[in-house]
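The values are calculated or read from the model by the stated rules, or taken from the named source; none is laboratory data. Given the structure is predicted, the values throughout are model-derived calculations rather than measurements. Neighbour counts run over all protein chains shown; Cβ positions are idealised from the backbone, glycine included.
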Amino acid sequence: MTRGVNGILALLPAAFLLMVSVACAREESGAQSGNPTDEIFKWIHFVILVGLACWVFGKLLPPVFRKRAELISEAILKATAAKEEADRQLKEAAVKLTTLEQEVARFRAMAEKEAGAERERLRNLTLTDAEKIVAAGKAEIEATERAARVALKELAARLAVDKAESLVAQQMTPGVQNALINNFVQSLEGRPN
């Protein structure tokens, strides 16, 4: 109820200003009413209309304004909650970004460490493989060398045998053959069986 009265009191200065402006306008135009009671009735009529308008607006508009204020208040609360949520998400994102940068740095360091370990492992593996290849090459060379020596010895023996055969064949005459057989038989006679 006090709101309605306050509304009417707030509208009274506006009504007074309106009446003053109407009066000033009439004076300037020079139009004067011949009858003062007409003027009073106009003013009473005007005050009644203003009072009725104030009463109607005092009854109808406050709930509308109240509802509008509640909607605005709710919107402000929602906006505040949304802003707080956005601020919270922003802080979380900033923390995640900070931790992400740290995590990227940690991953980079770990990758560099693993790459260094992998390089060292590959270097050691390469050295080991190279040593094995060298050892296998030496063993193969030695085996080839031995095989070549054996083949060379066989060749030399075959050549020596061939040469000896040809020499024996050239020097073997029927007289030399008889002398050899006689020598062999004599050596057998002197032996015990």
query: Which residue pairs have Cβ atoms under 7 Å apart, sit 6 or more places apart or on different chains, and have a first residue in the stretch 62-80 that is in contact (Cβ under 8 Å) with a residue 60 or more places away in the chain and surrounded by 10 or more Cβ atoms within 10 Å (Cβ to Cβ) and a second that is hydroxyl-bearing (Ser, Thr, Tyr) and assigned to a helix (DSSP H, G or I)?
result: none
- prompt: How about the stretch 53-94: which of its residues are of a type in the set (A, V, I, L, M) and either at pLDDT below 85 or touching a Cys at 6+ places or on another chain (Cβ under 6 Å) (or both)?
  reply: 53, 56, 60, 61, 64
Given (1) under 60 Å from the mean Cα position of the chain (by Cα); (2) modelled with pLDDT of 90 or more, number of the condition residue 130 does not satisfy: (2)
